[in-house]
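Quick notes on the structure that follows.
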């Protein structure tokens with residue numbers, strides 16, 4: 001069976017970079033927001049790590065958009081362009097996710113409507 005590459009190695013690397021920075025922001029944010037979790041570690045270092053993570057998240061995204069502008073535009077455009085099949089997907093999804101017949105789901109393009117909704121959320 002031949003494997004088809006859906007995402008490039010660069011896209012996968014960027015995905016995991018963003019995921020790692022996001023987790024770092026969640027953990028450092030929890031330490032700042034709930035000090036008793038930190039066992040005395042909250043302070044200048046935790047706040048500095050949190051700020052570095054925020055700069056990495058925003059800076060990495062902006063850098064990617066500047067370097068790979070067409071890919072970024074395609075990413076945004078895919079989330080904003082909706083068709084009849086997307087509305088059918090929204091209607092069929094609840095039944096499918098609660099044990100319905102997968103054959104009732106309408107055909108989708110490169111990304112499905114759930115992924116489009118997620119992209120709009122981020």
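Read-outs throughout are calculated quantities, based only on the coordinates presented, and are distinct from any laboratory measurement. These figures come from a predicted structure and were not determined experimentally. Positions of Cβ are backbone-derived with ideal geometry, glycine not excepted, and every protein chain shown enters the neighbour counts.
Would you order 17, 33 from fewest to most other beta-carbon atoms within 10 Å of each residue's own beta-carbon?
33, 17
The fewest-to-most ranking of 89, 36, 73 by surrounding Cβ atoms within 10 Å reads 36, 73, 89.
Relative to the longest principal axis of the Cα atoms of the chain, the long axis of helix 69-80 lies at roughly 60 degrees. Working from label points 7 Å from Cα in the Cα-to-Cβ sense, the residue 90 to residue 38 distance is 4.2 nm. Listed peptides 52-64, 74-86 appear in the order 52-64, 74-86 once ranked by packing, highest mean of other Cβ atoms within 10 Å at the front. For the chain, the relative contact order works out to 18 percent when only alpha carbon pairs closer than 8 Å and six or more residues apart are counted. Rounded to the nearest 10 degrees, the inclination of helix 84-97 to the longest alpha-carbon principal axis of the chain is 70 degrees.
The distance linking segment 47-69 with segment 1-42 is 13 Å (Cα centroid to Cα centroid, whole angstrom). Only one item in [x] -0.28, -0.95, -1.18, -1.30; [y] -0.51, -1.02, -1.10, -1.14; [z] -0.44, -1.00, -1.14, -1.21 matches log10 I(q)/I(0) by the Debye sum over Cα atoms at q = 0.10, 0.18, 0.20, 0.21 Å⁻¹ derived from the coordinates shown, and that item is [y].
Shape class of segment 7-67 from the alpha-carbon gyration tensor: prolate, with a/c at 1.5 or above and a/b greater than b/c.
Just rank 46, 72, fewest to most, by other beta-carbon atoms within 10 angstrom.
On the way: 46 18, 72 15.
Result, fewest neighbours first: 72, 46.
Our summary of shape: the Cα atoms of segment 80-122 have principal axis extents of 28, 19, 16 Å, ordered from largest down, in whole angstrom. Place a point 7 Å from Cα of residue 17 in the direction of its Cβ. Which residues in segment 50-68 have their backbone N less than 15 Å from it? Backbone N within reach: 53-68.
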